[in-house]
Amino acid sequence: MSNAAEYFPGGLMCQDDEGNVVYMQALAMTHPKTLIKSGAASDLYRLSIIEAELAFKLVRKAEAATGKKLGAKIIIDLDNFSMDVLYPPALNVYLNLLTLLQVILNKYENQFQALFPDFGRHIYVINSPMMIKTVYAMIQPVLSKQTKEKLGEHNIYRHWGGSKASDLPTGDVRMGGKVPEKLQYKAEDNVDDDKKDFTKVTVAARSKVEVKVKGERGKTFRWFWRVSTGDVDFGISRNGEMGKQHHKNHSHAHACSAPRECKHELLWSDETFIHE
C-alpha cells in the first residue's frame, strides 16, 4: 500500500452493539491537490476495496451470530470544510471509485443479494458548515446524545465525543491532511519515467485507441503511462473479454504504473485508451 495512504482520511472505527460496522470519514481533512500527486489512483481503489471487503466480512460474521440483518453506519465529519476539498480532478477520481465499487457489488449481487441493496444503514453528517446546513436542514452539527446512544458511546473515539480507549483521540481512523512533499511523486525518482523511452499515443475526444501486446504464460505485463492533457479511461482485454476494469486517469494525477501476470499462452492484450 502507498506510503501516503494515511493521508486519505477515513477508516473502520468499530462495530456497534448490534454488530453494524461504523465507518468514520473525516472528509474535510482531505488535501486533494497534494494527495492526487502522491500515488496512482489505483492505490486509492485498492485501499477502498480492501476496507469494503473487510466491512462485508465483519457484517456477515455478525449476521450469522445474531440472525439479524445488519450493515454499515457511516459518519461524515465536515469539520474544517473548505472548497479546496472540491478540487475537480480529485472529484473525478472519487466518482470513478464509486463506479468501481458498484461494479464489484453487482458482480457479487446474486451471492449477497440480501446484503448489498441496503448495506448502508445510516449516514450521519456532523460538524456541518452553514452552507451545507441550509441545504440539509436535518443535519446536526455534532453527534447528538441520541446518536451516541444508538452507536454506543463506548464505541466512539474521544475526538468525536465518545469514550472508546485509544492511544490517539482519533484511534485508527486516518485523519488526512496535506501530504508531505517527500511523499509526492517526482519523475526523477522513477527510472521508468523517462520521456525519451515513451511512445506517444494521441487519443481524440470521444474515441479510443487500442495497443496490442503479445505475451506468454508466466510472463508479466508492466505498463507505465501518463496523460499530458485532459483525461482518459484505461483498461485491458483479451479477445474482447475485459481482464482489467477501465479506470480514468487525469493529466493532474500520478503516472499510471502496474504489473499484471499473463495466465494464457500467446495472448494478445488490447490496452485500450478512451478519451470521452
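The values are calculated or read from the model by the stated rules, or taken from the named source; none is laboratory data. None of these values were measured; they are calculated from a predicted model. FYI the Cβ positions are ideal-geometry reconstructions off the backbone, even for glycines, and counts take in every protein chain you see.
If you filter the stretch 78-87 down to residues that are over 16 Å from the mean Cα position of the chain (by Cα) and outside any loop (DSSP other than H, G, I, E, B), you find that the one that is farthest from Thr34 (Cα to Cα) is Met83. When we screen Val179, Val203, Val173 for residues that are β-branched (Val, Ile, Thr), modelled with pLDDT of 75 or more, farther than 30 Å from Ala26 by Cβ and surrounded by 14 or more Cβ atoms within 10 Å (Cβ to Cβ), the only hit is Val203.
For the stretch 19-35, a residue qualifies if it is buried (at least 23 other Cβ atoms within 10 Å of the Cβ) and closer than 18 Å to Arg226 by Cβ, and exactly one does: Leu35.
Criterion applied to Ala5, Ala41 was being under 25 Å from Trp225 (Cα atoms), surrounded by fewer than 18 Cβ atoms within 10 Å (Cβ to Cβ) and touching a Lys or Arg at 6+ places or on another chain (Cβ under 8 Å), and the one residue passing it is Ala5. The set of residues in the stretch 222-252 being of a type in the set (Asp, Glu) and modelled with pLDDT under 70 consists of Glu241 alone. Taking (1) within 16 Å of the chain's Cα centre (by Cα); (2) over 18 Å from Ala28 (Cα atoms); (3) surrounded by 17 or more Cβ atoms within 10 Å (Cβ to Cβ) in turn, Ala62 satisfies each apart from (1).
Out of Ile75, Ile49, one residue alone is within 16 Å of the chain's Cα centre (by Cα) and either hydroxyl-bearing (Ser, Thr, Tyr) or not in a loop (DSSP other than H, G, I, E, B) (or both). It is Ile49.
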